[in-house]
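A quick write-up on the structure given underneath.
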Amino acid sequence: MKDKLEPQPLPPSLYTEEYFLTACEGYDEFTSSEGEHLSRRLRDAFRLAEVTPGMRILDVGCGRGEILRHCAQLGADAYGIDYAPVAARMSQTVIQSVSGVVPGFTAVMQSDAKKLPFPTGAFDRVLMFDVVEHLHPWELHEAMLEAHRVLKPDGRFIIHTAPNVWYDRYAYPLVRAVRILMGQGAKYPKDPRQFGVAVNQHVHVNEQSFWSLGRALRQAGFEGKVWLDSPPQNRQENAIMAALRVAAFGLVPFRWFFEREVFAVARKA
């Protein structure tokens, strides 16, 4: 239950159609292909689910609905929920466009991740892509408890979240300092969030490190693997920068701070 001192959930009105089409991860691929193609980030996360025909999949925070479409194309029955009414409508449009064409069944509804409208042990996979960072810690715990409840005993919980909060807090100031010395400071604002879309500064309330996400999963009764990755890096730089990249992205503990994205695949403990 929510403590009276805990922050309130973000209002669903923050998540507009404009947000999903101009700020939410994968919007370029969605608008150009109507959900037929996934962004690199969503494709990498979806691959981890290893969806096969006959599975029952729950996409928590289904957004525009393209993941539901891809599940159904593989012959799985895919159910999507989203807190935002706009997202539920957009997802409904996407699944209607492939209804009767793809082998899997699809359905979507507006619902809260903290109180899933499904029976216990209903799903082979629960997906939570780019949702964690939008939930306050108390909300994330309740949402993970619900994911645990609706998973089958041998089911998997797949998570992607970004950015890696350790990068923003600790690595980015160093990156910016180096770039300033190289005369590239104008491209690197003091606040790393200024690289992204302005609205994310208001809707990202719980960004994670690999350590904090692992802890949250354990507290909700999961065990599994949490790891870091990054978008493809620019390799067209001098030997010094190339060597720094090898260290930053390939060596522990440096990569804990320099990798940008956090992934997890978990099971019931």
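We did not get these values from a lab; they are worked out from the coordinates using the rules stated. Since the model is a prediction, treat every value here as computed from it, not as a measurement. Here the Cβ positions follow ideal geometry from the backbone for every residue, glycine too, while neighbour counts run over all protein chains shown.
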Legend entry - Mean projected area (nm²) of the alpha-carbon convex hull when the chain is viewed from all directions: 15.0 nm²
Legend entry - Relative contact order (percent, whole number), the chain, Cα cutoff 8 Å, 6+ residue spacing: 17 percent
Inset, instruction - Using a 10 Å cut-off on Cβ atoms, rank the peptides 31-38, 104-111, 69-76 from the highest mean neighbour count down. - result: 69-76, 104-111, 31-38
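Looking at segment 2-85 from every direction and averaging, what is the projected area of its Cα convex hull in nm²?
Here the figure is 6.7 nm², rounded to one decimal.
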Legend entry - Largest-first principal axis extents of the Cα set of segment 146-269 (Å): 54, 32, 20
Legend entry - Size-normalised alpha-carbon gyration radius of segment 3-45, reference 2.2 N^0.38 Å: 1.59
Legend entry - Sum of -39500 (n - 2.57) over DSSP H runs of 4+, divided by residues of the chain (222 nm, nearest 500): -10500 deg cm²/dmol
Inset, instruction - Can you give me the P(r) profile for segment 1-146? Cα pairs, bins 5 angstrom wide beginning at 0, each as a whole percent. - result: 2, 10, 20, 23, 22, 14, 6, 2, 1, 0
Inset, instruction - Extending each Cα 7 Å along its Cβ direction at residue 107 and residue 13, get the distance between those two points in nm, one decimal. - result: 3.1 nm
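Do you know the Lys pair count in the chain for C-alpha distances under 14 Å, with sequence separation 8 or more or different chains?
Lysine pairs meeting the criterion: 4.
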